[in-house]
Amino acid sequence: MERFEKFVIGNYRRYPVALVRGEGSTVWDSDGREYLDLFPGWGCNLLGHCPAKVVQAVQEQVAKLIHVPNTWYMEQQGVWAELLSQRTEFAAQAFFCNSGTEANEAAIKLARLHTPPDRYKIITFTGGFHGRTLGSLTATAQPKYHEGLGPLMAGFAYCPMGDLAAVRQAIDETTAAIMIEPIQGEGGVRMPPERFLAGLRELADQHELLLIFDEVQTGCGRTGTWFAHQYFDVQPDIMTLAKSLCAGIAGGALLARPEVAASLKPGTHAATFGGNPIAAAAGIAMIETIEEEGLLAAATELGEHLTTALQQMASDFDFIREVRSAGVMIGIELDIDGSPIVEDCLRRGLLINCTQGTVLRLLPAMNLSKQAADQGLEILQQAFEAAGQQAVDS
Ligand SMILES: Cc1ncc(COP(=O)(O)O)c(C=O)c1O
């Protein structure tokens, strides 16, 4: 920790814990203390820590070929792109990068490249989160993330989440695309209102706009379907992925309809490390593991189990306002500050997250056992009891 103080830039708030090892949904710190992790890898470790098949694939790949530039064909990247595109409802082709924000930058560029030059505007939604580089950050309609960074990129319009009339009004002759997280993650696990995504699809079709789904958090099995566009049965033209795409190895991707993908011509965009053999090996192993172990169905079942129990807690504790979930993406909205509960859970050996101040967020691994889920629920129950007691005392 002293070394961090001295040599690592302090742009993150860190818990005073150093994690040294992980296996499944268990992690250990440098003092040997064990934790149950219901937020593994900030949503990246959808198969838990160090899943065996991914570890083996990466170990074998790293000994064969670590990196080759995208000026060469590479078998793994082709196989990975095929496996991904076959699991979507709309996409035929993939572009690979290294992170979520990078995938969204590619989507912004592709939207501008694919539409006529006088069409550049992208409509995004309040409470959304698309990343930290300047294009994705401008797409992120949350003023707190913009402070001190202006002037931001031109050509974005923000609409209230869920307000189709506002979107209709924001569309003009300069609009190129509508970009949305099918479920807002960082924004507090917020679901789109009924038929909202379908309404966006209709508007996009009417006005010849591209519909971009940022599935960085919802993608790759999180919702119990391969992608949230299948969960909601609405097809985008472009989808961005990262986080769990490579089960914890850095990787990002953009998938697009073939006619849209064609606008990303040689020289228009690139990423040096994008789709590298290690990321590709991990990404392939991730997909194979999910299918071999039946984890999409498992995620649905696990999510329902956790949600039912949390809804019971919501009726027991009056400071729990609402429980929202899709598969293993779960938000517990509180009337009180959530950070002290996260800290209390940490002391009790449970890792969870709080977003937007009052929403506890769980992004458990889809292969979390029922026994471990119940253990996590028991700790949450204890933390809620302590929070309730504290409210009475103060
Ligand atoms: C929906 C969504 N989009 C984009 C990003 C940015 O991803 P990255 O941190 O990999 O750039 C995130 C990160 O939390 C996200 O949740």
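The values are calculated or read from the model by the stated rules, or taken from the named source; none is laboratory data. These figures come from a predicted structure and were not determined experimentally. Positions of Cβ are backbone-derived with ideal geometry, glycine not excepted, and every protein chain shown enters the neighbour counts. Accessible surface is based on the protein model in full, side chains and every heavy atom, while ligands, DNA and RNA are left aside. Shrake-Rupley method; radii C 1.70, N 1.55, O 1.52, S 1.80 Å.
Residue-by-condition table, conditions (1) buried (at least 20 other Cβ atoms within 10 Å of the Cβ); (2) under 27 Å from ALA228 (Cα atoms):
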{"site": "ALA298", "(1), (2)": "yes, yes"}
{"site": "ALA309", "(1), (2)": "no, yes"}
{"site": "MET329", "(1), (2)": "yes, yes"}
{"site": "ILE336", "(1), (2)": "no, no"}
{"site": "PRO364", "(1), (2)": "yes, yes"}
{"site": "ALA372", "(1), (2)": "yes, yes"}
{"site": "ALA386", "(1), (2)": "no, no"}
{"site": "SER394", "(1), (2)": "no, no"}
Scanning for something more than 16 Å from ALA52 (Cα to Cα), among the hydrophobic types (A, V, I, L, M, F, W, C), open to solvent by less than 50 Å² (accessible area, probe 1.4 Å) and in contact with a Cys (Cβ under 7 Å, 6 or more places away or on another chain), does the range 277-292 turn up at least one residue?
no
Within the range 71-111, the residues that are over 24 Å from the mean Cα position of the chain (by Cα) and either buried (at least 21 other Cβ atoms within 10 Å of the Cβ) or closer than 24 Å to GLU288 by Cα (or both) are TYR73, MET74, GLU75
Yes/no for PHE227 being in contact (Cβ under 8 Å) with a residue 40 or more places away in the chain, farther than 18 Å from ILE284 by Cα and within 16 Å of the ligand (Cβ to nearest atom)
no
Against the conditions (1) farther than 26 Å from CYS97 by Cα; (2) within 15 Å of the ligand (Cβ to nearest atom), where does LEU137 fall short? Just the number, please.
(1)
Pick from the range 23-58 the residues that are touching a His at 6+ places or on another chain (Cβ under 9 Å) and more than 19 Å from GLY221 (Cβ to Cβ): which of them is least open to solvent (accessible area, probe 1.4 Å)?
VAL27
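Would you say VAL189 is closer than 15 Å to GLU105 by Cα, touching an Asp or Glu at 6+ places or on another chain (Cβ under 9 Å) and either touching a residue at least 12 places away in the same chain (Cβ under 8 Å) or aromatic (Phe, Trp, Tyr) (or both)?
No: the conditions fail for VAL189.
Only one of ALA279, ALA285 is closer than 15 Å to ASN70 by Cβ and assigned to a helix (DSSP H, G or I); which?
On the way: ALA285 fails: closer than 15 Å to ASN70 by Cβ.
Matching residue, one of ALA279, ALA285: ALA279.
Would you mention how many residues in the range 230-263 are part of a loop (DSSP other than H, G, I, E, B), away from the ligand (no atom under 13 Å from the Cβ) and open to solvent by 40 Å² or more (accessible area, probe 1.4 Å)? So that I can check it myself, show each step before the final result.
Initially, the range 230-263 is screened for residues part of a loop (DSSP other than H, G, I, E, B), giving 233-237, 242, 248, 250-251, 257, 262-263.
This time we only want the ones that are away from the ligand (no atom under 13 Å from the Cβ), so: 233-237, 257, 262-263.
Those left that are additionally open to solvent by 40 Å² or more (accessible area, probe 1.4 Å): 233, 235, 257, 262.
Residues that pass the stated criteria total 4.
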Before we move on, is LEU200 in contact with a helix residue (DSSP H, G or I) (Cβ under 8 Å, 6 or more places away or on another chain) and either aromatic (Phe, Trp, Tyr) or part of a helix (DSSP H, G or I) (or both)?
yes
